[in-house]
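Chemist: The structure's right below; bear with me while I get my questions together.
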Amino acid sequence: MRIVVVEDLYLLRDGLVRLLEAYGHKVVASAGDGPTALRLLAEHRPDVAVVDVRLPPTFSDEGLQVALEARRGQPGLPVLILSQHIEQLYARELLAAGGGGVGYLLKDRVFDADQFIEAVERVARGGTSLDPAVVAKIMNAGSASPLDALTARERDVIALMAEGLSNQAIARRLFLSEGAISKHTTAIFAKLGIEADADGNRRVRAVLTFLGAAGRT
């Protein structure tokens, strides 16, 4: 897997590079600022970009803006955002854009290397990996149709889908059978208008539709 890492702090950037390469992946480039990141992303067209939210010069939300701009030039570019905080406005825009894997992890809630690598790999495959706190904040930001059609349990299920959990893992978390979770996911797809396709990525499209709608105010 070919990866571009964007992180302004040298020690963290170097640590990410070493960690990813220790798991057999190739970091084709790394950057510490937005303009360099955009150039390298366009040049290398990686399988996934790992991007810190806050980059120079303002250290606010440059990383998310880089991700959005890179996706305009490379539709479907998988992006995993790393942050200390939830930058809600641009996070909603990134999720609402749809197409391609997307992740948003809070740095202080990544507890081991395997967890992080699994998230990177899931996003690169076109999946989602969102910290529960990110999901909760976006969901609480507003509510709009077609979300009103989802039951409370269906919202629980799709929130866990957003974290990247399988039906089996969701069943364990909610103390339900896999059959019950399968019925809930089928209902979610129907209510959100997510039809089957050749790519088999209905889960991802359902999550992005759900979070994109939840973030509208």
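The values are calculated or read from the model by the stated rules, or taken from the named source; none is laboratory data. Everything numeric in this text was worked out from a predicted model, so none of it was measured. Heads up, the Cβs are rebuilt from the backbone with ideal geometry, glycines too, and the neighbour counts pull from every protein chain shown. Note: areas computed on protein heavy atoms with side chains; ligands, DNA, RNA excluded. Shrake-Rupley method; radii C 1.70, N 1.55, O 1.52, S 1.80 Å.
Chemist: Condition check: within 25 Å of Q115 (Cα to Cα) and either aliphatic (A, V, I, L, M) or modelled with pLDDT of 90 or more (or both). Does I158 satisfy that? Talk me through it step by step, then tell me what you get.
Modeler: Details: within 25 Å of Q115 (Cα to Cα): yes; either aliphatic (A, V, I, L, M) or modelled with pLDDT of 90 or more (or both): yes.
So I158 passes the test.
Chemist: What about V123, is it modelled with pLDDT under 90, open to solvent by less than 30 Å² (accessible area, probe 1.4 Å), in a helix (DSSP H, G or I) and in contact with a strand residue (DSSP E or B) (Cβ under 6 Å, 6 or more places away or on another chain)?
Modeler: Values: modelled with pLDDT under 90: no; open to solvent by less than 30 Å² (accessible area, probe 1.4 Å): yes; in a helix (DSSP H, G or I): yes; in contact with a strand residue (DSSP E or B) (Cβ under 6 Å, 6 or more places away or on another chain): yes.
The answer is no for V123.
Chemist: Applying the selection to the stretch 41-74, what residues are open to solvent by 20 Å² or more (accessible area, probe 1.4 Å) and touching a strand residue (DSSP E or B) at 6+ places or on another chain (Cβ under 6 Å)?
Modeler: Hits for the stretch 41-74 are H44, D47.
Chemist: Sticking with this one: If I ask for residues that are at pLDDT 95 or above and open to solvent by 40 Å² or more (accessible area, probe 1.4 Å), which ones from the stretch 14-35 would you list?
Modeler: D14, R18, L19, E21, A22, Y23, G24, K26, S30
Condition check ((1) at pLDDT 90 or above; (2) closer than 18 Å to L208 by Cα) across all residues:
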| position | (1), (2) |
| --- | --- |
| L64 | no, yes |
| P78 | yes, yes |
| S83 | no, no |
| E87 | no, yes |
| Y90 | no, yes |
| L94 | no, yes |
| A97 | no, yes |
| D108 | no, no |
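Chemist: Okay, next question. Anything in the stretch 161-201 that is assigned to a loop (DSSP other than H, G, I, E, B) and at pLDDT 90 or above? List them, or say none.
Modeler: If we filter the stretch 161-201 for residues that are assigned to a loop (DSSP other than H, G, I, E, B), which is where we start, we get 163-166, 175-177, 192-201.
Across the stretch 161-201, the qualifying residues are F175, L176, S177.
Chemist: Could you check A49 against (1) out of contact with any Lys or Arg (no Cβ under 8 Å at 6 or more places or on another chain); (2) aliphatic (A, V, I, L, M); (3) more than 19 Å from V110 (Cβ to Cβ) and say which number it fails?
Modeler: Just one mismatch for A49, condition (3).
Chemist: Quickly run through the stretch 161-192 and pick out the residues that are among the aromatic types (F, W, Y) and on the phi > 0 side of the Ramachandran plot.
Modeler: Narrowing the stretch 161-192 to residues among the aromatic types (F, W, Y): 175, 189.
Passing the criteria: only F175.
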